[in-house]
Amino acid sequence: MEIEELASRDSYLDRAEGNVVEVGDGAVVLDRTVFYARGGGQPGDTGIIRWDGGEVRVTDTIRRDGKIVHIVESGEFPDPGTPVEGVIDWDRRYTIMRTHTALHALSGVVWRDFGAKVTGGNMEEGTARMDFELDSISVDFGKEVERRLNAELVKGYPTEIVYMAREVALQDPDLIRTKVNLIPEWVQEIRVVDIVGLDRQADGGTHVRTTLEVGEVEVVKTESKGRANKRMKIRIK
């Protein structure tokens, strides 16, 4: 059974109706969900699943055996077939969206101005880190990147979601730079997040519509994680 994943199509939905498909071991699977499953460095959504006569708290959302699984607190669970409404913790999700777009913009600035590829990244609510193929890094370098990044964010680059055939994506130099070839071969349609004019990456996460929504970003730490692998940690204000 194919699950309708609404977050990949519209990051701004905060609730949606669906039906329970499976229940067990502290988890609930729905046939239609607004919750984002943890992946690509982005944490899973939290929130509430409610139905007529009850509700349960969702503490995490993961992907297991190709399904989006809502990890729930102990208590009463709805039976399979029950119609429910899923409601995400919107303030948390929106902060993560701003953080995720900030990371992509950071990647675009560092690639454009310093020619450094991304080697890894991770984020939480309002904070994140990104690793780059750089020979060296310093506090002054981090502050210069911070200045350039914030100068770009206020220009209001729009963020677009584009779906591309795999063979087309593998020919895109920007997507090759961000290692689209590491996406499993069974994925034949690639979801691309395009901060138009600044950065373009294969990505399954949630983002804000424009860099104006990100706000101001601070580079709070720079550190070496080994030869040609340097890390910047950021915080959105």
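The values are calculated or read from the model by the stated rules, or taken from the named source; none is laboratory data. Quick caveat, the model's predicted, so the values are computed rather than measured. Glycine also receives a Cβ, built like all others from the backbone with ideal geometry; neighbour counts cover every protein chain displayed. For accessibility, only protein heavy atoms count, side chains too; no ligands or nucleic acids. Shrake-Rupley method; radii C 1.70, N 1.55, O 1.52, S 1.80 Å.
Couple of notes before you dig in:
- Subset of segment 65-118 [closer than 21 Å to Ala202 by Cα, within 18 Å of the chain's Cα centre (by Cα) and among the aliphatic types (A, V, I, L, M)]: Ile68, Ile96, Met97, Ala102, Leu103, Ala105, Leu106, Val118
- Filtered by the rule that a residue be crowded, with 17+ Cβ neighbours inside 10 Å and within 14 Å of the chain's Cα centre (by Cα), segment 7-19 gives Ala7, Ser11.
- Options Thr206, Thr178, Thr211; residue that is more than 14 Å from Ala102 (Cα to Cα) and either polar (S, T, N, Q) or touching a residue at least 40 places away in the same chain (Cβ under 8 Å) (or both): Thr178
- Looking only at residues in segment 30-54 that are β-branched (Val, Ile, Thr) and open to solvent by less than 10 Å² (accessible area, probe 1.4 Å), the one that is nearest to Ser11 (Cα to Cα) is Val34.
- Scanning segment 90-111 for residues that are open to solvent by 30 Å² or more (accessible area, probe 1.4 Å) and in contact with a helix residue (DSSP H, G or I) (Cβ under 9 Å, 6 or more places away or on another chain) gives Tyr94, Arg98, Trp111.
- Against the numbered list (1) touching a helix residue (DSSP H, G or I) at 6+ places or on another chain (Cβ under 7 Å); (2) crowded, with 19+ Cβ neighbours inside 10 Å, Gly126 comes up short only at (2).
- Options Lys155, Lys143: the member that is within 17 Å of Trp111 (Cα to Cα) and either touching a residue at least 60 places away in the same chain (Cβ under 8 Å) or among the basic types (Lys, Arg) (or both): Lys143
- Residue satisfying all of: in segment 158-192; within 18 Å of Ala7 (Cβ to Cβ) and among the hydroxyl-bearing types (Ser, Thr, Tyr); least open to solvent (accessible area, probe 1.4 Å) among these: Thr159
- Selection from segment 36-76 of residues that are more than 21 Å from Thr127 (Cβ to Cβ) and among the small types (Gly, Ala, Ser): Gly53, Gly54, Gly66, Ser74, Gly75
- Subset of segment 20-29 (residues that are farther than 28 Å from His207 by Cα and open to solvent by less than 40 Å² (accessible area, probe 1.4 Å)): Gly24, Gly26
- In segment 194-227, the residue that is modelled with the lowest pLDDT out of those that are buried (at least 19 other Cβ atoms within 10 Å of the Cβ) and hydrophobic (A, V, I, L, M, F, W, C) is Ala202.
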